[in-house]
Amino acid sequence: GNQGNASKRFMHEPLQPARNSCSSREWVRAVLCAVLFFALSVTCLAQSEMTQSDVEAAYLYNFGKFVDWPSQPQSSSAPFTICVLGKDDFGRTLDSLIANEATHGRTIVAKRMPMLNSTEGCQILYVGLSEQSRMARYLDALKDKPILTVSSLPGFLERGGMIQFVLQENRVRFAVNLTAASHCHLTLSAELLKVALYVNSKPSREVQ
């Protein structure tokens, strides 16, 4: 079905048409239609048409489709929550992407967190750039929780984070700490690992 086909695609080079030429939902559809096959680096428009934060928001939206979390009693009815810790750089982009969307049969919501007080209900936790001085402490507190931790902060993987955004030739890519994810019983799909820049310091081409 359509959902099965969608599960075999991933946001690699998102598209952003001029925002003043279409409605918010049309823009979201345009972003989503730019989901490309894994091996391709073709784009309708250059990724430079989007800000780095726009691209990262698109990745966050799509990560949920390619990760499996341990089953929890309340998970079937609770929303799928993307938490943003610290300063929110995504603006309306993340909210537009997740509006009326679902993953794993659950409605997707975004939750902004000025500080790490409770991660209750978070499936994905993005650690903002404003949290650099607190990153190590936060990751230590999260190291045994089944939460996909994501950030652009330097050294994020080395400190125990799971996915780190990196810039390569002015394109947003991501690297994966598979050991940290597996420790928290998260299963990352082979499709996701194949498009990672590297996995646990191994070049992505070596990942089987």
Using a 7 Å offset from the Cα along the Cα-to-Cβ direction at both Q52 and A102, what is the distance between the two label points in nm, to one decimal? 3.6 nm
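Over region 86-208, what is the relative contact order in whole percent, taking alpha-carbon pairs under 8 Å and six or more residues apart? Don't jump to the answer; show the numbers that get you there.
Details: 166 pairs, mean separation 19.5, N = 123.
Value for region 86-208: 16 percent.
Among T107, T119, what's the order by accessible area (1.4 angstrom probe), most exposed first?
On the way: T107 85, T119 25 Å².
Result, largest first: T107, T119.
Please compute the net charge surrounding V84, taking Lys and Arg as +1 and Asp and Glu as -1 over other residues with Cβ under 10 Å from its Cβ.
Details: positive: K87, K111, R112; negative: D88, D89.
Here the count lands on +1.
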Can you say what percent of the DSSP beta bridges in region 63-169, counting only those with both residues inside, are antiparallel? Round to 5. 10 percent
Approximate spin-label separation S77-E169, in nm, with each point projected 7 Å along Cα-to-Cβ: 5.0 nm
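Evaluate the relative contact order of region 95-155 (contact order divided by residue number), counting alpha-carbon pairs under 8 angstrom at least 6 apart; express in whole percent. Mind showing how you got there, number by number?
Values: 41 pairs, mean separation 19.2, N = 61.
The value is 32 percent.
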Values of log10 I(q)/I(0), in the order q = 0.15 Å⁻¹, for region 98-208 under a Debye, Cα-only, solvent-free model: -0.69
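Counting Lys +1, Arg +1, Asp -1, Glu -1, what net charge surrounds K143 among other residues with beta carbon under 12 Å of its beta carbon? Don't jump to the answer; show the numbers that get you there.
Working: positive: R137, K145, R159; negative: D140, D144.
Local net charge: +1.
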Any chance you could look up the accessible area of D144 with a 1.4 Å probe, heavy atoms only, rounded to 10 Å²? 100 Å²
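The values are calculated or read from the model by the stated rules, or taken from the named source; none is laboratory data. Keep in mind it's a predicted model, so treat the numbers as computed, not measured. Note that we place each Cβ from the backbone using ideal geometry, even for glycine, and neighbour counts take in every protein chain shown. Surface accessibility is based on the protein's heavy atoms, side chains included, excluding ligands, DNA and RNA. Shrake-Rupley method; radii C 1.70, N 1.55, O 1.52, S 1.80 Å.
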